[in-house]
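For reference, the structure discussed in these notes is given below.
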Amino acid sequence: MIEPIRDQFRRPLRDLRISVTDRCNFRCTYCMPAEIFNERYQFLPRAQILTFEEITRLTRLIVRLGAVKLRITGGEPLVREELETLIAMLRPIDGVDDLTLTTNGFLLPQKAQSLREAGLNRITVSLDSLDDAVFRRLNGNRSSVEKVLQGITAARQAGLAPIKINCVVQRGVNDHTIVDLARWAKDEGYIIRFIEYMDVGTMNGWRLDDVVPAREIVERIHAVLPLEPIERNYRSEVALRYRYQDGAGEIGLIASVTMPFCGACSRLRLSPEGELFTCLFATQGTDLRAPLRAGASDEELETIIRGIWADRTDRYSEVRAAQTTPRDHKVEMYHIGG
Ligand code: SAM
Ligand code: SF4
Ligand code: SF4
């Protein structure tokens, strides 16, 4: 196993999130509100987006520095044409233990089989409610629940397992539907992860009052479907885990607002245009595309990446926990993909 590089707090580099596009076919109110991301919005032009060869080269270098888990994200990763080709290019990289993808599920009926054949191990599908009206309000009326369920079924049939479901919980928006969602996931054998609504980006008008604390989420589910806590799978796992007392299934909680986990954060994020971010709440990244396209050698690129991680001191969520107002000028979620 490669000895990972470490940052200023001795945190190892273990995970790489690769955002392959800033575009999306949904307009989730908490991520890409339709009023802002309308037809006049300027997405990145194609020439500025890294090619699959460029992504693969950078990934190989980052894996050499310690990353063992790769997650493809976006925007919506499945709107990037021929994503399967990228999966097939990343799969053989020596040292990668896990290759997965987070998607809104809309395009999975067409894509699940080819993604699996290209070497994708497993998948996370976002689904915030089983109530169609609630879900449509959340996604800017771009998709029905039915459509996402079809995508999840396609992923299951293609053998992408285990399937995880992500649900962002917002008070007064979808929190009244979480028990139904938990019950459905339990019955279907999916691991559902409830995510505290975060102050990522600057456009969703986040307020602390909109957050339903993980503790409350657990209590509300436990009251109907009894739960008990279980250990994390590994030290840098961000989800708190609970299993059902009847032995059938488990849930995860991503409590980044009320129980921040910066001390164990081992993630590096690559944006579609080749910037590296060391935190989800970063105000700026480091451009790797310019040196890459100017002909930098692997050694030169590796030196830059090493330096970025070595200098890293991010612990935004821990600092924010002591405050009530979010930081300004943060990178947007649809840009670096969560
Ligand atoms: N489009 C894909 C999707 O929705 O799954 C991948 C990208 S999306 C940015 C990754 C994850 O971030 C999704 O599960 C989404 O629900 C979550 N997310 C987006 N904005 C968020 C916010 N403000 N707070 C918490 N989670 C958020
Ligand atoms: Fe698109 Fe995912 Fe953001 Fe929703 S959360 S707008 S599906 S990128
Ligand atoms: Fe990691 Fe930044 Fe999130 Fe803390 S706030 S867990 S450092 S991404």
Against the definition (surrounded by fewer than 21 Cβ atoms within 10 Å (Cβ to Cβ), more than 16 Å from ligand 3 (Cβ to nearest atom) and not in a helix (DSSP H, G or I)), how does PRO109 come out, yes or no?
no
In segment 171-207, residue nearest to ARG137 (Cα to Cα) [restricted to those that are modelled with pLDDT under 95 and more than 16 Å from ligand 3 (Cβ to nearest atom)]
ASN204
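Quick grid of which residues meet (1) under 18 Å from the mean Cα position of the chain (by Cα); (2) crowded, with 20+ Cβ neighbours inside 10 Å; (3) not hydrophobic (A, V, I, L, M, F, W, C):
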residue: GLN157; (1), (2), (3): no, no, yes
residue: ALA161; (1), (2), (3): yes, no, no
residue: VAL168; (1), (2), (3): yes, yes, no
residue: VAL179; (1), (2), (3): no, no, no
residue: TRP184; (1), (2), (3): no, no, no
residue: MET198; (1), (2), (3): yes, yes, no
residue: GLY201; (1), (2), (3): yes, yes, yes
residue: ASP210; (1), (2), (3): no, no, yes
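Filter segment 238-289 down to the residues that are free of Cβ contacts under 8 Å to residues at least 60 places away in the same chain, more than 18 Å from ILE49 (Cα to Cα) and either within 16 Å of ligand 1 (Cβ to nearest atom) or touching a helix residue (DSSP H, G or I) at 6+ places or on another chain (Cβ under 8 Å) (or both) and list them by number.
Passing the criteria: VAL238, ALA239, LEU240, TYR242, TYR244, ALA255, MET259, PHE261, CYS262, CYS279, ALA282.
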Looking at ASP98, ASP132, can you tell me which residue is without any contact (Cβ under 8 Å) to a residue 40 or more places away in the chain, away from ligand 1 (no atom under 12 Å from the Cβ) and out of contact with any strand residue (DSSP E or B) (no Cβ under 6 Å at 6 or more places or on another chain)?
ASP132
Exactly one of ILE192, ILE230, ILE221, ILE217 is over 19 Å from GLU332 (Cα atoms), buried (at least 22 other Cβ atoms within 10 Å of the Cβ) and more than 21 Å from the chain's Cα centre (by Cα), and that residue is ILE221
Odd one out for THR85, checked against (1) touching a residue at least 40 places away in the same chain (Cβ under 8 Å); (2) surrounded by fewer than 16 Cβ atoms within 10 Å (Cβ to Cβ):
(1)
Could you tell me whether ALA67 is surrounded by 19 or more Cβ atoms within 10 Å (Cβ to Cβ), touching a residue at least 24 places away in the same chain (Cβ under 8 Å) and in a helix (DSSP H, G or I)?
no
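Condition check ((1) free of Cβ contacts under 8 Å to residues at least 12 places away in the same chain; (2) part of a helix (DSSP H, G or I)) across all residues:
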residue	(1), (2)
LEU16	no, no
CYS24	no, no
CYS28	no, no
PRO33	no, no
GLU39	yes, no
LEU44	no, no
GLU54	no, yes
THR59	no, yes
ILE62	no, yes
Need a quick list: helices (runs of 4 or more DSSP H) entirely within segment 118-218 having at least 1 residues that are touching a Leu at 6+ places or on another chain (Cβ under 7 Å) and among the charged types (D, E, K, R).
178-188
Taking the condition touching a residue at least 60 places away in the same chain (Cβ under 8 Å), among the β-branched types (Val, Ile, Thr) and within 16 Å of ligand 2 (Cβ to nearest atom), does ILE72 pass?
no
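The values are calculated or read from the model by the stated rules, or taken from the named source; none is laboratory data. As the structure is a prediction and not an experimental result, all values here were calculated from the model. Glycine gets a Cβ as well: all are built from the backbone with ideal geometry, and neighbour counts include every protein chain shown.
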